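Undergrad: To start, I am sharing the structure in question, which I have written as structure tokens.
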Amino acid sequence: MKVLIVSDVHANLAALQAVLTQNPTVDALWNLGDTVGYGPRPRECLDLMVDLAANPALVGNHDLACLGDIDVSEFNPVAQVASRWTSLQLGMEHRTYLRELPALTTASGYTLAHGSPRAPVWEYVTSVAIATDNFAHFDNDVCFIGHTHVAMYAVLRENEPVAQIFQLRDGDTLDLLQARYIINPGSVGQPRDHDPRAGYALLDTDRGTITAHRIAYDIATTQRQMALANLPDVLIGRLAVGM
Ligand code: ZN
């Protein structure tokens, strides 16, 4: 089975469409959460997830904030503005859809979490120490995460006490049968690893491999949509630099 894994779409429809157009023949779509928040097309992105039967699909902290289920005061001011705007865009069907999603699940022998397996909604896996600790919090060999918007992988080899962390670059392929992994495919809609292209990954469950990809999309279209929605300038500007 060929699986398209996306995360942190953040209502960036142009980026999501570019990824989907590039991958018309996958067998499944897995969504690691934060489908909305920040970006200009929350309804359309959620509708696409429903239409394409993304399963599993996870809920992220921004999704929960837009539902009013967590306190947005934990967000920075521009994220709060975007969250309130997004909340007003969502219909009852979008709220019902998001409310039913987990932040942590398993599929085909893989673990999926928005932030981390230890704290699925909030924890950022950004260091060797955090990654190493998190390997004790899931049973499968591989866990896919999002949340940081940075494409990376942590690998824990047999008989080694500490994980190693590496950048996950366009075209990198990992052999998942060789070790335990925590893998972040990067963000579709708001990359923060200095590469503004949409990030995603393709998992081949038969071979036990995953390949990372980046694809250019029409950033100016998303920026124009954000400006028309009066979303904060800093959120508009960051898309062009991938930060
Ligand atoms: Zn996010």
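Undergrad: Comparing ASP193, ASP27, ASP170, which has the greatest mean-square fluctuation in the GNM of the chain with Cα pairs linked when under 10 Å apart?
TA: ASP27
Undergrad: Once the whole set of protein chains is in place, how much accessible area is left on CYS45, using a 1.4 Å probe, in Å² to the nearest 10?
TA: Only protein atoms counted, so the area is about 0 Å².
Undergrad: Give me the one-decimal nm value for the distance between modelled label points at GLU160 and ILE215, 7 Å along each residue's Cα-to-Cβ direction.
TA: Output for this residue pair reads 3.2 nm.
Undergrad: Given R₀ = 35 Å, FRET efficiency for GLN178-VAL241 by Cβ-Cβ distance, to 0.05?
TA: On the way: r = 35 Å, r/R0 = 0.99.
Once rounded, the FRET efficiency stands at 0.50.
Undergrad: Here's something else I'd like to know. Please list the non-local residues whose amide H lies under 5 Å from the amide H of LEU176, H modeled 1.01 Å from N, same-chain partners needing a gap of 5 or more.
TA: THR209, ILE210
Undergrad: Set the Förster distance to 30 Å, then compute FRET efficiency between ASP47 and GLN167 from the Cβ-Cβ distance, nearest 0.05. Provide the component values of the computation, followed by the final result.
TA: Details: r = 33 Å, r/R0 = 1.10.
Rounded to the nearest 0.05, the efficiency is 0.35.
Undergrad: From the backbone phi of the range 160-168, what are the Karplus-calculated ³J(HN,Hα) couplings (6.51 cos²θ - 1.76 cosθ + 1.60, θ = phi - 60°) in whole Hz, Gly and Pro given as x?
TA: 10, x, 10, 6, 10, 10, 9, 5, 9
Undergrad: Between GLN22 and SER73, how high is the FRET efficiency from 1/(1 + (r/R0)^6) when r is the Cβ-Cβ distance and R₀ = 30 Å? Nearest 0.05. Could you put the intermediate results ahead of the total?
TA: On the way: r = 38 Å, r/R0 = 1.27.
Calculated transfer efficiency: 0.20.
Undergrad: Long-range amide H contacts for GLY242: which residues qualify at under 5 Å (H placed 1.01 Å from N, peptide plane, sequence gap of 5 or more or a different chain)?
TA: Those qualifying (amide H under 5 Å, at least 5 residues apart or on another chain) number zero.
Undergrad: What does DSSP give for the range 2-238 in terms of the percent of beta bridges that are antiparallel, rounded to the nearest 5? Walk me through the numbers on the way to the answer.
TA: On the way: 27 of 37 bridges.
In the range 2-238, approximately 75 percent of DSSP beta bridges are antiparallel ones.
Undergrad: Run the helix sum for the chain: -39,500 (n - 2.57) per DSSP H stretch of 4+ residues, divided by residue count, reported at 222 nm to the nearest 500 deg cm²/dmol. Mind showing how you got there, number by number?
TA: Working: 8 runs with 74 residues, N = 243.
Calculated mean residue ellipticity at 222 nm is -8500 deg cm²/dmol.
Undergrad: Tabulate in residue order the Karplus-calculated ³J(HN,Hα) for the range 103-114, using 6.51 cos²θ - 1.76 cosθ + 1.60 with θ = phi - 60°, rounded to whole Hz; enter x for Gly and Pro.
TA: Along the range 103-114, the couplings run 9, 8, 7, 10, 8, 6, x, 10, 9, 10, 9, 5 Hz.
Undergrad: Another one. Given the convex hull over the Cα atoms of the chain, what projected area results after averaging over all orientations, in nm²? The partial results should precede the final answer.
TA: Details: hull surface 46.3 nm².
Across all orientations, the chain yields a mean hull projection of 11.6 nm².
Undergrad: Over the heavy atoms of HIS137, what accessible area does a 1.4 Å probe trace out, to the nearest 10 Å²?
TA: Accessible area, nearest 10 Å²: 90 Å².
The values are calculated or read from the model by the stated rules, or taken from the named source; none is laboratory data. Bear in mind that the values here come from a model prediction, so they are computed numbers and not experimental data. Glycine also receives a Cβ, built like all others from the backbone with ideal geometry; neighbour counts cover every protein chain displayed. These accessible areas exclude ligands, DNA and RNA; they are computed on the full protein's heavy atoms, side chains included. Shrake-Rupley method; radii C 1.70, N 1.55, O 1.52, S 1.80 Å.
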